[in-house]
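Inspection log for the structure reproduced underneath, given as structure tokens.
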Amino acid sequence: MIYLRLFLTFLKIGAVAFGGGYAMIPLMRDECLANGWLSDAELLDFIAVSESTPGPVAVNMATFVGSSQAGILGALLATLGVILPAFIVTVLLVAALGKLLSYRGTRAILSGVRPAVVALILSAAAIMFLSLFVGIGKFGDAATFSLPSVLLFGFLVLVSWLYRRIRGKSISPIFLILLSGVAGVILFR
């Protein structure tokens, strides 16, 4: 039965693929091809749509594949299958974390991990900055200054600052994303 096969296949993918949605794509590809659900070309289209829609790419992929094979119920079962392992692990960790936080050692470990998390976030921001504004994607790339990117960034900072100054609160990130999309069409055509 297709419903059970979809659920069990995506349950397996969710249980064994570590590293987030993009790490699941090769396993999803193998399973979709092995079950005859999608061709390579269709899979690439599904990946493109999954990356372009809100939500985690693995969940979107499971939903789209399930829908293409068995309609709404297939989409629900494939999505449930792919998220269930992470949900169970998260619930177990949360239950254990409350008890673990009472230990000094656990608090010390978390205190040591926090700066590493901040460093990773700042590292990602620096990489994005270098790629967007200076055109450096990897070591050895020549620097190419992007005036439209700098202008767009400056414009968005100015709009955000003015909004906060006039209204006394932060501007909606959704509005800034939509505004930057419109400005991107104008600047980058």
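For region 87-113, a tally of residues being farther than 28 Å from G14 by Cβ and surrounded by fewer than 10 Cβ atoms within 10 Å (Cβ to Cβ) returns 5. Within region 147-170, being under 28 Å from the mean Cα position of the chain (by Cα) and surrounded by 12 or more Cβ atoms within 10 Å (Cβ to Cβ) holds for P148, S149, V150, L151, L152, F153, F155, L156, V159, S160. Looking only at region 36-73, count how many residues are of a type outside the set (G, A, S), part of a helix (DSSP H, G or I) and more than 14 Å from F7 (Cα to Cα). Residues in region 36-73 being of a type outside the set (G, A, S), part of a helix (DSSP H, G or I) and more than 14 Å from F7 (Cα to Cα): 11 in total.
Could you say which residue among V91, V82 is at pLDDT 85 or above, among the β-branched types (V, I, T) and over 30 Å from I177 (Cβ atoms)? Give the steps one after another, and end with the answer.
Values: V82 fails: over 30 Å from I177 (Cβ atoms).
V91 is the lone residue from the list that is at pLDDT 85 or above, among the β-branched types (V, I, T) and over 30 Å from I177 (Cβ atoms).
Just one of the listed residues (A126, A143, A183) is loosely packed, with under 13 Cβ neighbours inside 10 Å, among the small types (G, A, S) and part of a helix (DSSP H, G or I), namely A126.
The values are calculated or read from the model by the stated rules, or taken from the named source; none is laboratory data. Predicted, not measured: the structure shown is a model, and the values here were computed from it. Note that each Cβ is placed from the backbone with ideal geometry, even for glycine, and that neighbours are counted across all protein chains shown.
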